[in-house]
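A quick write-up on the structure given underneath.
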Amino acid sequence: MLLIKGGRIIDPAGRRDETGGVVLEDGKVKDLISGPGAPKGFEGTVIDAAGKWVVPGLIDMHVHLRDPGYEWKEDIRSGTAAAAAGGFCSVVCMANTKPVNDHVEITRYIREKSEREGFANVFPVAAVTRGMEGKEMTDYAELSEAGAVAFSDDGRPVASSLLMRRALEYAKAFDLLILSHAEDAEMSHGGAAHEGWTACRLGIPGIPSAAEEIAIARDILLARLTGGKVHIQHISTKMGVDLLRMAKRAGLPVTGETAPHYFTLTDAAIEGYNTNAKMNPPLRPEEDRMALLEGLIDGTIDAVATDHAPHDDYVKRCEFIEAANGIIGLETALPLTLALLAGGKVAPGRAIELLSANPARILKLAGKGSLRKGADADVTIIDPDAEWEYREADVRSKSRNSPFFGWKLRGRAVVTIRGGRVTHSLLAGVTAGA
Amino acid sequence: MTVEWRRRHVLGLADFRVEEMEFVIDTARSMEEVLTRDIKKVPALRGKTAVNLFFEPSTRTRTSFEIAGKRLSADVVNFSSATSSVTKGETLLDTAKNIEAMKPNILIIRHPASGAPHFLSRFVSCSIINAGDGANEHPSQGLLDLYTIIKAKGKISGLKIAIVGDILHSRVVRSDLHSLGRMGASLWLCGPPTLAPREMERTGAKVTYDIREAVRNADVVIMLRIQLERQKTAYFPSLREYSRKFGLNRDVFSLAKDDAVIMHPGPINRGIELSDDLADCAQSRILNQVESGVAVRMALLYLLAGGHDAAH
């Protein structure tokens, strides 16, 4: 038995925000306690969370673990260690491994290896099309039974409107979710940064916002046509947020996420040909960043997901247009998201919705995203006031591709508990592995 | 004039101050005097080595740098990607590190990726001159255009200068915006909307799709080479239409000032962006640009190799 006492329990899905305790036993939330003290006669381990937030274990619904196939960039062990250090109890990994996760054997491999070696729950996403080639559907029902929680060709958008229509339509039979990497790849082809003033000045071929927005609009229209559920990944533009807002007002089964870098940085970060500011979709101008913040605050955007994309040094240590896309994000997502709370317009519960409750709801992860009695014993303890510097030497991921080194961050996961076991701790007297 | 020259690299004109550009031009002027001599060679850079590291086909720029170096008695070595191991998949950094290990003083780099010389400058200890990187900059061209116009017009400030063609992909434009723009010219950029981004107006230049508006009362008209393969990627319908609407011919050029001059960074597509007769007319300064280019590149090599300590 483990008691976390005296913290501020923030559980938006359970409609709870109060000082209290959580009792964990046998991998589940056994009991909830009101007030700061321990129950009379409690025998077991006690973690004193006074001054901290106690929240349902964070869920990152968009990561690349690179396993199988690119284990030198990241593997299930290192990726989930980074997740735990960042406060995440669960990660949802994309299908662009090698081989692509388009077959039950790969899905099972990811599940089994993560159960054996992982420091976080790993929920695989399977490909929408075989080999992510955009031609034939994968076996959705079988993959779902093997553990795939959703389907996405993330990294290679589904170019064919017809195939996307069929996928959304067919997936309805099993109530499955398609995640859309929304990009008109013909329009973005050759581009390496947002098409705007910065790229123009630096002579970098541009990717217009419309390349993303056309695809978002298409997939919303296909959701309308088919009634199939679609979740828009890594929204980076103002019009993308506006389209999602419109779809929700129309009652369509559409949700969306963005990543911390899109609401923290702008395309000015590529100045000096900084390849750690190169990602797809690209960083956008301030106007888009502001619209993303607004969408996160008003509830249009459902989730913050990192798009954690580890890359070895040499594919970033090169010419800008040649450099690989993406950055690691698991260890910085929490403080960058908590920055939304500065200014007091947003309650802490909103950040927890974005990082836990909503991903669990969207992906229908049973027992996740809430601290209700009987929920899984996944808990993140956050020190909202911790000030710390993100340093390259402290990174748990195998890769080092981050634009945030040297940043002074505020807010940090001090303890991560997954299934009742501590996977990460900065608190004296609380040991990981216990 | 004494200007403190502390640059180790010439990566672009983006951060060049006006005084620095004037200093390069002054130095080029004294270099040009060497070129009028019978024996066109001075020992200023004896014992120094410059490597032309070219990852893109180029004859004139490479030759211009080579001649500039040789006039100063530097050893100039050519390395072009067609004969390098780049085609076997070596990274740019590895290639540059290998060349650097042979202890050159200056690397002169031409590369199709914008920012490639900036990237290498963080890793090598020798000097780097950017001889054109992607669509970013071509600083020696920006300086030689400046020098050519000063020789033709005696000044830059107050001139109307039209630049016509593929603005979007042009590194010459981006360097000219810094050199000519910062010296006070009024710049007009013209091309079809697919090749003339409006964002460029943030530099203070004007963007127009009407060549007549750009050329009217201009003192200088700079025509850019149109890459013939752009047509295949549908930036414009046909070379014929491009030539008729965005090419410079007698009719359009008659709108410019009577003493206006024509420039072109070369190589020219005769009859496409520039009519055959104008290319060779009395007002063409195209070959003067090539001539100024050697002097400007001598100046850059000289300044980077530290020769100015003795001279000033």
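Worth pointing out:
- Test: residue in the stretch B:242-261 that is assigned to a loop (DSSP other than H, G, I, E, B), without any contact (Cβ under 8 Å) to a residue 60 or more places away in the chain and under 30 Å from B:Asp15 (Cα atoms): yes
- Residue check for A:Asp312: among the acidic types (Asp, Glu) and at pLDDT 95 or above: no
- Helices (runs of 4 or more DSSP H) within the stretch B:83-195 that include 3 or more residues crowded, with 22+ Cβ neighbours inside 10 Å and more than 11 Å from chain A (Cβ to nearest Cβ): B:139-153, B:171-182
- If you go through the stretch A:378-434 and keep only what is part of a loop (DSSP other than H, G, I, E, B), out of contact with any helix residue (DSSP H, G or I) (no Cβ under 9 Å at 6 or more places or on another chain) and closer than 25 Å to A:Asp312 by Cα, you end up with just A:Arg391.
- Flag for A:Arg16 being at pLDDT 95 or above, crowded, with 16+ Cβ neighbours inside 10 Å, farther than 30 Å from A:Ala324 by Cβ and in contact with a Phe, Trp or Tyr (Cβ under 6 Å, 6 or more places away or on another chain): no
- Residue in the stretch A:396-404 that is basic (Lys, Arg), in contact with a Phe, Trp or Tyr (Cβ under 8 Å, 6 or more places away or on another chain) and free of Cβ contacts under 8 Å to residues at least 40 places away in the same chain present: no
- Screening the candidates A:Gly206, A:Gly228, A:Gly251 for the property of being of a type outside the set (Asp, Glu) and within 14 Å of chain B (Cβ to nearest Cβ) yields one hit, A:Gly206.
- Looking across the stretch B:64-79, the residues that are closer than 25 Å to B:Asp94 by Cα and without any contact (Cβ under 8 Å) to a residue 40 or more places away in the chain come down to B:Glu66, B:Asp75, B:Val76, B:Val77, B:Asn78, B:Phe79.
- Selected residue [closer than 25 Å to A:Ala366 by Cβ, touching a strand residue (DSSP E or B) at 6+ places or on another chain (Cβ under 6 Å) and outside any strand (DSSP E or B)] from A:Ala50, A:Ala83, A:Ala13: A:Ala83
- Test: residue in the stretch B:212-229 that is part of a loop (DSSP other than H, G, I, E, B), more than 14 Å from chain A (Cβ to nearest Cβ) and on the phi > 0 side of the Ramachandran plot: yes
- Helices (runs of 4 or more DSSP H) (entirely within the stretch A:140-239) containing at least 1 residues that are of a type in the set (Val, Ile, Thr) and either under 30 Å from B:Gly132 (Cα atoms) or touching a residue at least 60 places away in the same chain (Cβ under 8 Å) (or both): A:197-202, A:209-226
- Some residue of the stretch B:40-56 being in a helix (DSSP H, G or I) and either of a type in the set (A, V, I, L, M) or under 18 Å from the mean Cα position of the chain (by Cα) (or both): no
The values are calculated or read from the model by the stated rules, or taken from the named source; none is laboratory data. Since we're looking at a predicted model, the values are computed, not measured. Every residue, glycine as well, gets a Cβ built from its backbone with ideal geometry; the counts of neighbours run over all protein chains shown.
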